[in-house]
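Take a look at the structure below.
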Amino acid sequence: MKKISIIGAGMTGATTAHWLAERELADLVLVDVVEGMPQGKALDMLEAMPIIGKDVEIVGANDYAATKGSDIIIITAGLPRKPGMSRDDLLSANAEIVGKAATETLKYSPDAFYIVLTNPLDTMAYLTMKKTGLPRNRVVGQAGILDSARMRAFVAMETGVSVENIDCYVLGGHGDEMVPLTRHSNIAGIPLREYLPADRLEAIVNRTRKGGGEIVNLLKTGSAFYAPSAACAQMAEAILKNKKLIVPCAAYMDGEYGLRDMFFGVPVMLGANGMEKIIEYTLDDAEKAMLEKSAAAVKETHEALKKLVSL
Ligand code: TXD
């Protein structure tokens, strides 16, 4: 059995374990700083396995030794932004947590692939790659699958068509400047721009950009976790099953889309070698301009990180 360790057993971490256990893809380890919580969640989930008929070992721990020999490490550990906390305060707190999670797990699993979820996402993925010194195929960030799934869900709600027929592609950084590519998105091959009136499409694009905030406002405490964790599980499955799945993920850019030395949301191919390829779409001028704006915002957070942490 393969092994996946999830660092941070909060809402997204534990729910990722849930989706993964359903897939019977790997044995699972949940690590968190809170004493008893990862052990309790792991045991509870383990006790569900006879009911759903899956033979998966699930272990909770407060130390990294339990992660030994993992094929994949998923990092969800972090703090949410609290009242009075600036973006830089959050950045420095999460940089410390994610940096430690990355370097400590690497000691026990030198061959692992990393999937990063903690916000600010693109910058935490960048930090993970720099801190571990891993090649770029072994570190990806999750954002684009979620943002694209939100857009797909909204299109399905609008049209009444099966979500399976709907392909949407949201690129760029995981923030307000994300880039929903309406020209490439389609329903069963029919371009979205032909299928939907312009004003409805625009409303869907706007709702997608604000999708994270919409959930936060409803939940009041905490942020989205079902869809983000489903995305992490899909990425892990694509790697372990060598699926060569093309999905939008945050990847380290080395000249693609004219960008360098930063993580950014682009279509990538996920397979046994992790992030095996970046797919470059041909973009028109308006799309290029949106991506550049989004890249500038991500770059700014990368620069803020470099001022706080030596990489
Ligand atoms: O699409 C995306 N990228 C995102 C990102 C979608 C959803 C959530 N996104 C971000 O993931 C969110 O902004 C946070 O930065 C992380 C985790 O979100 P989650 O909703 O899971 O937060 P929780 O429930 O607060 O869980 C975080 C856990 C919590 O149990 C802490 O005790 C733990 O992280 N934590 C640690 N675990 C291990 N090691 C250390 N040092 C540590 N510090 C805190």
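The values are calculated or read from the model by the stated rules, or taken from the named source; none is laboratory data. None of these values were measured; they are calculated from a predicted model. Positions of Cβ are backbone-derived with ideal geometry, glycine not excepted, and every protein chain shown enters the neighbour counts. Ligands, DNA and RNA are excluded from the accessible area calculation, which covers all protein heavy atoms including side chains. Shrake-Rupley method; radii C 1.70, N 1.55, O 1.52, S 1.80 Å.
Only beta bridges with both residues in the chain are counted; by DSSP, about 50 percent of them are antiparallel.
Mind giving me the FRET efficiency for Glu202 and Glu292? R0 is 22 Å, r the Cβ-Cβ distance, nearest 0.05 is fine. The formula returns an efficiency of 0.60 here.
Cross-link pairs exceeding 30 Å in C-alpha to C-alpha distance, out of Lys3/Lys131; Lys107/Lys220; Lys3/Lys130, comprise Lys107/Lys220.
Accessible surface computed residue by residue for the range 246-311, with neighbouring protein chains in place and a 1.4 Å probe, gives 47 Å² per residue. If R0 is taken as 45 Å, the Cβ-Cβ distance between Glu194 and Thr221 corresponds to a FRET efficiency of 0.60. To the nearest ten degrees, helix 226-240 and the longest principal axis of the Cα atoms of the chain are 80 degrees apart. Relative to the globular-protein estimate of 2.2 N^0.38 Å, the Cα radius of gyration of the chain stands at 0.96.
Straight-line reach from Lys288: taking Cα to Cα under 27 Å and skipping same-chain neighbours fewer than 8 places apart, the lysines in range are Lys210, Lys244, Lys277, Lys299, Lys306. In whole angstrom, note down how far apart the Cα centers of the range 223-255 and the range 64-143 are. Each part's Cα centre sits 15 Å from the other's.
In this structure the amide hydrogen of Lys277, modeled in the peptide plane, comes within under 5 Å of the amide hydrogens of Met269, none closer than 5 places in sequence on its chain.
The solvent-accessible area of Asp285, taken with every protein chain present and a 1.4 Å probe, is close to 120 Å².
Using just its DSSP H runs of length 4 or more, each adding -39500 (n - 2.57), the chain gives a mean residue ellipticity at 222 nm of -15000 deg cm²/dmol after division by all residues. With the whole protein complex present, Val31 retains an accessible surface near 10 Å², based on a 1.4 Å probe.
Rounded to the nearest 10 degrees, the inclination of helix 11-23 to the longest alpha-carbon principal axis of the chain is 90 degrees.
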